[in-house]
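Here, each number is a calculation from the coordinates, and none is a lab measurement. Just so it is clear, the structure is predicted and the values come from calculations on it, not from any experiment. Glycine also receives a Cβ, built like all others from the backbone with ideal geometry; neighbour counts cover every protein chain displayed.
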Amino acid sequence: MLDLALHSDQGPVSLADISVRQGISLSYLEQLFARLRQFKLVKSVRGPGGGYQLMGSTAEISVAQVVDAVSESLDATRCEGKGNCHEGEVCLTHHLWENLSEQIHRFLSDITLADLVARKDIRAVSERQNLRLRSAHSDDSHIAVNEIS
């Protein structure tokens, strides 16, 4: 989602480009974006030049919404919040870890994609990843020329 937010001013972003920039398999990205679509955080654009776009502004989408959409757990308890951590019962520190999980979720709820996009360090990493993508596209064109020759 952050990659999509960083490139949203360029129109729809292809999963193939995100895959190259982030080093994430295309099939895994397809699964993640299916969930993000269900939560109405992204929409797909079909056809040439198609890809994905954010459904709202970067200021409207929190990191917690993204985490919730892709079913990532923020649970710090050993028992996954079930309360059966010690011989089927709540352990001594269960509520401590449960409170930590809630704090993490609140913290991520206060951070938007816009907040992350505005960070200089994140933009520097993004520029490096864009070079990786350009290099990959350049390699593809060299292969295509060699195959024709």
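First check a/c for the range 1-65, with a ≥ b ≥ c the square roots of the eigenvalues of its C-alpha gyration tensor; if it is under 1.5, answer rounded, and if not, answer prolate when a/b is larger than b/c or oblate otherwise. Here the range 1-65 falls in the rounded category.
Can you tell me the length gained on complete extension of the stretch residue 71 to residue 109, counting 0.36 nm per residue apart and subtracting the Cα distance? Intermediate values should be presented prior to the final figure.
Numbers: separation 38, 0.36 × 38 = 13.68 nm, distance 1.50 nm.
Using 0.36 nm per residue and subtracting the Cα-Cα distance, I get 12.2 nm.
Across the range 84-90, rounded Karplus estimates of 3J(HN,Hα) from the backbone phi angles (6.51 cos²θ - 1.76 cosθ + 1.60, θ = phi - 60°) give 10, 6, 10, 6, x, 10, 5 Hz, Gly and Pro being marked x. Along the range 93-107 the Karplus relation, 6.51 cos²θ - 1.76 cosθ + 1.60 evaluated at θ = phi - 60°, assigns HN-Hα couplings of 9, 3, 5, 4, 5, 5, 5, 4, 4, 5, 5, 4, 4, 4, 4 Hz to successive residues, with x for each Gly and Pro. For residue 55 and residue 100, the difference between the fully extended length at 0.36 nm per residue and the C-alpha to C-alpha distance is 13.2 nm. Placing dummy labels 7 Å off each Cα toward the beta-carbon, the span from residue 92 to residue 38 is 4.0 nm. The three principal axes of the Cα atoms in the chain give end-to-end lengths of 70, 32, 30 Å, sorted in falling order.
Divide by every residue of the chain the summed helix terms, -39500 (n - 2.57) for each DSSP H run of at least 4, and state the resulting mean residue ellipticity at 222 nm, rounded to the nearest 500 deg cm²/dmol.
Details: 7 runs with 83 residues, N = 149.
Calculated mean residue ellipticity at 222 nm is -17000 deg cm²/dmol.
The phi torsions of the range 31-39, fed into the Karplus equation with coefficients 6.51, -1.76 and 1.60 and a -60° offset, translate into couplings of 5, 4, 6, 5, 5, 4, 5, 4, 8 Hz, rounded to whole numbers, with Gly and Pro shown as x. Placing +1 on the Cβ of each Lys and Arg and -1 on the Cβ of each Asp and Glu in the chain, which of 38, 27, 8 has its Cα farthest towards the positive end of the resulting dipole? Positive-end residue among those listed: 8.
Sorted by average packing, counted as other Cβ atoms within 10 angstrom per residue and highest first, what order do 77-83, 112-118, 15-21 take?
Ranked from most to least packed, the peptides come out as 15-21, 112-118, 77-83.
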